[in-house]
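Since the structure comes first, as structure tokens, the remarks are kept for the end.
What follows draws every value from the coordinates through simple rules; no lab data is involved. The model shown is predicted, which means the values in this text are computed figures rather than measured ones. Quick reminder, even Gly has a Cβ in these numbers, built from the backbone with ideal geometry, and neighbours come from all protein chains shown.
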Amino acid sequence: MKRFMSSLLLTLLLAGCAGMGDPRDSATELVPGHAHEVMTPGHRYFTFTLDAPARVVLESHTFPGDAGSVAPAGQLLDADGQLVVRDWNSGRNSNFRIERQLEAGTWYLRVTTPHTSPGSLGMMERDYRYSVTLKVDRRR
């Protein structure tokens, strides 16, 4: 019986891990010049594709009154999900700002709101409004 339970537990664990897809598969497409608004805490994945090398600027923008309590952090990831660069607050009002020359290809941006957690004195009950923008400059 003990062997059966161990096998069952291992099977359930492996099935659970296999069922968790890559969050990049459901990433939201960022369109240059258009802001994408987020209103809840947690991790968000965004994606964009460059057809030629370009200088990009990825930024978060918090709304008036939310600066300080909502502090999105950004991580730029390559097509394989490897971290390229991260930023917490080099933008205005404690927002992230990532400016980088990138090669052509698919890129991902992972955004988190690190100051939120279920135990944060009711913090989960409020909105965490911010927007994310992408600017692309194809001039070298």
Exercise. In what sequence, highest mean first, do 56-63, 129-136 appear when ranked by Cβ atoms within 10 angstrom?
Worked result: 56-63, 129-136
Problem set entry | Summed residue charge, Cβ within 15 Å of Ala27's Cβ, Lys/Arg positive, Asp/Glu negative | -2
